[in-house]
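Below is one structure, written out as structure tokens, with a few remarks after it.
The values are calculated or read from the model by the stated rules, or taken from the named source; none is laboratory data. What you see is a predicted model, and the numbers here were worked out from it, not measured in a lab. Neighbour counts run over all protein chains shown; Cβ positions are idealised from the backbone, glycine included.
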Amino acid sequence: MAKIPWYVWIAVGAGMFYISARIGERMEFFLYVGMFLIIVGVFKLLVSFILGGRGRKAVEEAIELRQQHFSCPRCRAIVASTYEFCPHCGSRLRY
């Protein structure tokens, strides 16, 4: 299932809210649905700001881990960057 961004929730909610408010009483249900969608969008926006730092930290950790390890050119096994020979196939890793 696709992840819907916060701005789509707010835009759709604002559109529903505006149109149902202009039409009148017959669309009162959609007025409340629009308000609900706006609230969900604002909630998702706040969560993305709060958790945003964690996502960047995970990317930085992955880059650091990738710099410490690399794959053997012969057998494609993951080995530490300090190894001179691959422990799986024995090929020379440093020249």
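Computed values, structure above
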{"item": "Region 34-64, subset at pLDDT below 75 and among the small types (Gly, Ala, Ser), residue farthest from the chain's Cα centre (by Cα)", "result": "Ala62"}
{"item": "Answer from Leu93, Leu31 - the residue that is touching a Phe, Trp or Tyr at 6+ places or on another chain (Cβ under 8 Å), modelled with pLDDT under 85 and surrounded by 11 or more Cβ atoms within 10 Å (Cβ to Cβ)", "result": "Leu93"}
